[in-house]
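Asker: First the structure, then my questions, so here it is.
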Amino acid sequence: MTLTNETLSEQRVWLASEADKAIAASEVPDGWHERLYDRPSYPWTGPSEERDRYLEGVFPMECAGSNSGRLDIGLNNDVVLEDPFSVADRVRSFWETEGWVTSDVTPPNDYEVYFRADREDGAILGFTASEKGLLIQVMTSCSVNESVGNWMAHEGEKNDSKEEQPTREQVSD
């Protein structure tokens, strides 16, 4: 497994950026909300206090042993579309042009299309389209940065996303 040294703040910024890019590629700009089964849902589309609160509450899950972690979010859209599979085609094409390697998670059928996109550093994107709605999944690469591996000690730190975004972009080049 490839490990990075991205900070918790950098990972959160990247999650938001990748989710926003997938939403733009879907051409379904409204109605996205985070996927939480036992809590109230916060709207995602467009910067908002709720969206920021949701991102600040996303914490790492272990990915390569102790002192490492990655973030994972899922965004639902319950809109009923006439052709949800064309939305999936747009997202898949976009991810492929961005250099992601896509593959089907389940064989496409008349009811659902579910595929993923992988990158060399271990980051993963996923997309599901069905008559019931759409789902975007975004998972960061695995980081050994202290703020990720020991996130409880860093909880509540200011997210300096404007300062950290150029750092992440330099690392990915």
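Here, each number is a calculation from the coordinates, and none is a lab measurement. Please read these numbers as outputs of a predicted model, since none were measured by experiment. Cβ sites come from the backbone with ideal geometry, for glycine too, and all protein chains shown count toward neighbours.
Asker: According to a simple spin-label model (label point 7 Å from Cα along Cα-to-Cβ), what is the distance in nm between Asp30 and Val101?
Answerer: Taking the two extended label points, one gets 4.0 nm.
Asker: Compute the length gained on full extension between Phe85 and Glu120: take 0.36 nm times their separation in residues and subtract their Cα-Cα distance, giving the result in nm to one decimal. The partial results should precede the final answer.
Answerer: Working: separation 35, 0.36 × 35 = 12.60 nm, distance 2.68 nm.
Extra length from Phe85 to Glu120 when fully extended: 9.9 nm.
Asker: Cβ neighbours within 10 Å, averaged per peptide: list 53-62, 18-27, 103-112 in order, most packed at the top.
Answerer: In decreasing order of mean packing, 53-62, 18-27, 103-112 become 18-27, 53-62, 103-112.
Asker: What fraction of the Cα pairs in region 6-86, stated in percent, has a spacing above 15 angstrom?
Answerer: Result for the distance tail: 60 percent.
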